[in-house]
Each structure stands twice: as C-alpha cells, then as structure tokens.
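Novice: Right, I'll just put the structure down here and ask away after.
Please treat every number below as a calculation from the coordinates, not as lab data. The shown structure was predicted, so the numbers you read here are calculated from the model rather than taken from an experiment. Every residue, glycine among them, receives a Cβ derived from its backbone with ideal geometry; neighbour counts consider all protein chains shown.
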Amino acid sequence: MTEHNNPVRVVVIGGGYAGTLAANRLRQRADLDITLVNPRPHFVERIRLHQFAARTGDATIDYGTLLGDGIRLAVDSATRIDTATRTVRLASGRALDYDYVVHAVGSTAPPPPSVPDAAGLALPIGEFESARRLRARLDDLPADAPVTVVGGGLTGIETAAELAERGRRVTLVCGRGLAPTLSAPGRRYVAKWLARH
C-alpha cells in the first residue's frame, strides 16, 4: 500500500480481452482501486461479429457479468495520459487520478483496400459499429438478394457460412487461396462445406 493506507489507483484503458483480463487479475490484490475505461458499456467479442451481423448470435456481454467486485467501469474514451499530473483525461472532460496505467486499447480492423466505389458498396465487419451497420443493411435487403463476401480468411469464411445458413445466396471472393492459415485437409473440408451450402 501507499502511505497513509491509501489504495493504489490503477486505471485500465481498454475493455477488450486484455483490459478485462488485466482488471480482473489485478482485483486479486485488496490494496488496489481499479477503474476500467471503455467507450462502450458492454464487452465486444470481436470473434463473434460475423454472428452478430448475420443475426445468428450476439457479440456483446454485459460488463457486470465479467468484471470482479469493486472494479469501476467508466464508459468514456481516454484522450490523454498526463504523466506530469498522473491523470488520464477523458473525452467527457473528467480526469482519473492514477498511480499506474494499463494501456490495453487492443487493435482495430485494418482499413479496407482502396477499391474504386468500395466505400459506397462494401461494409467491413471488423468493428462492432461496422458490424451493426452491416446487420442493418442485411435487414433491409430481400432474403433472396445475393450477398458477396470479400476475403477468404477465417472471418470471411465464417461470415459467408453464417449468411448461407440463414438462407442467403452468398458468393465468397478470396485472393490467393481459401483459408490460407489452415492445413491442406482443413482447406479442402472448408471448400467442400462452402460448395454444399
């Protein structure tokens, strides 16, 4: 503990997999005061965004079920870590005092390739907000409207498969090869499954 038995203040910036895990691990120490800063009020399982977009599953979990007792959630965005004053400045104007900062902002989806007119026609799926836009766009389409999924990696395959299982007519377009990270037997299995569906 610090002087005068004050708890050590820890601010965890980012409520994804790493930030949530870090906050919960730190909770094992009774002398810590932990605040998790995240721009959304819920945890987003990015590996489930294809299910969310296709309406075959959800991709969010309430932090109340994930965070240990005593961890505070600040639904906000960190805009600056001020090392001179030992504060994390938030977009709302608030400031959080800290003794330690865990910077766990994670990754973001890569920008889509620069294809002429793609911005007006294509929707990415790597972030919750873009997956929500895709879901809304799919809801507006007739059930028999053709859908093209671009990308033969695991996300593209999973998205195409979820949409096909919902009865959509799907074309999967991939570059060099389907599922390049899988073994040859794995790629053959995926190709056969996709061809059947």
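Novice: Output the qualifying pairs, or none if there are none: Cβ atoms under 9 angstrom, residues six or more apart or on different chains, first residue in the range 150-167 and surrounded by fewer than 18 Cβ atoms within 10 Å (Cβ to Cβ), second residue among the hydroxyl-bearing types (Ser, Thr, Tyr) and not in a helix (DSSP H, G or I).
Specialist: Listed by first residue and then by second, the contacts come to GLY153/THR181; LEU154/THR181; GLU165/THR56; ARG166/THR56.
Novice: Would you confirm whether or not the range 179-196 contains a residue that is within 30 Å of PRO39 (Cβ to Cβ), part of a helix (DSSP H, G or I) and out of contact with any Phe, Trp or Tyr (no Cβ under 8 Å at 6 or more places or on another chain)?
Specialist: no
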